[in-house]
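Below is one structure; the comments refer to it alone.
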Amino acid sequence: MLTSIELRWFYPGTLPPEIQDWFNSQALGEPPAAPEQREDFYLLLPECETLGIKLRQERLEIKWRKAELGVLRFGDNVAGKAEKWIKWICEDNTVENLVKVDVESKAYWVGVLKVRSLRKYPNCNVEITQLTIKGNAWWSFAFEAYGEEANLIDNLQSAANLVFQTYSGSDFQLQDSYAYPKWLSLAI
């Protein structure tokens, strides 16, 4: 079981080049790792924003939102909702067989193609993910803090303060800040 605090935004369309360039810039420290490409399968749970179930490669992942932690602001153009999540992971090489045989053909599972770029900060991952769902392009920008539970919010705020020092692009707006379960209900 893993506990994290997340701050995430979703936007329809393709990732703006200026945001990708900023994310890749040396001003943020070490360059991000090479983008990871994969397809995850999400179980659709209509009107449920507190639970996410997905098949990722050979793992079944279940995430439950334990708490909403309120709004975090960084400068004048960034506001988002911080949430505490608990994740359980079941790794089993038979999960891949489940995907091919049972999941891809069922209407209540949806495939999401992802191209994810990741930067690592002390106890916090920062990512930009390009998403394709049912042929439609979206992108997401997110922070995921981990470590000792008592330090999670500080870990997130430290990384976000550092990252947003060099950001001067479009606003990251509060109404666009939510987790994957809500995004799925909006995207399909």
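The values are calculated or read from the model by the stated rules, or taken from the named source; none is laboratory data. A quick note: this is a predicted structure, and the numbers were derived from the prediction, not measured. Glycine gets a Cβ as well: all are built from the backbone with ideal geometry, and neighbour counts include every protein chain shown.
Tally up the residues in the stretch 139-163 that are surrounded by 14 or more Cβ atoms within 10 Å (Cβ to Cβ) and free of Cβ contacts under 8 Å to residues at least 12 places away in the same chain, please. Before you say what the answer is, go through the steps one by one.
Narrowing the stretch 139-163 to residues surrounded by 14 or more Cβ atoms within 10 Å (Cβ to Cβ): 139-147, 151-160, 162-163.
Next, only the ones that are free of Cβ contacts under 8 Å to residues at least 12 places away in the same chain stay: 154.
Number satisfying all stated conditions: 1.
Yes or no, residue by residue, for (1) closer than 22 Å to F74 by Cβ; (2) surrounded by 18 or more Cβ atoms within 10 Å (Cβ to Cβ); (3) in contact with an Asp or Glu (Cβ under 7 Å, 6 or more places away or on another chain); (4) not acidic (D, E):
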| position | (1), (2), (3), (4) |
| --- | --- |
| L118 | yes, no, yes, yes |
| T129 | yes, yes, no, yes |
| K134 | no, no, no, yes |
| A137 | no, no, no, yes |
| Q165 | yes, no, no, yes |
| F172 | yes, yes, no, yes |
| P181 | no, yes, yes, yes |
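For every residue, the table says whether it meets (1) at pLDDT below 95; (2) more than 18 Å from the chain's Cα centre (by Cα).
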| site | (1), (2) |
| --- | --- |
| Q26 | yes, yes |
| A34 | yes, no |
| L44 | yes, no |
| L51 | no, no |
| Q57 | yes, no |
| K63 | no, no |
| A79 | no, no |
| C90 | yes, yes |
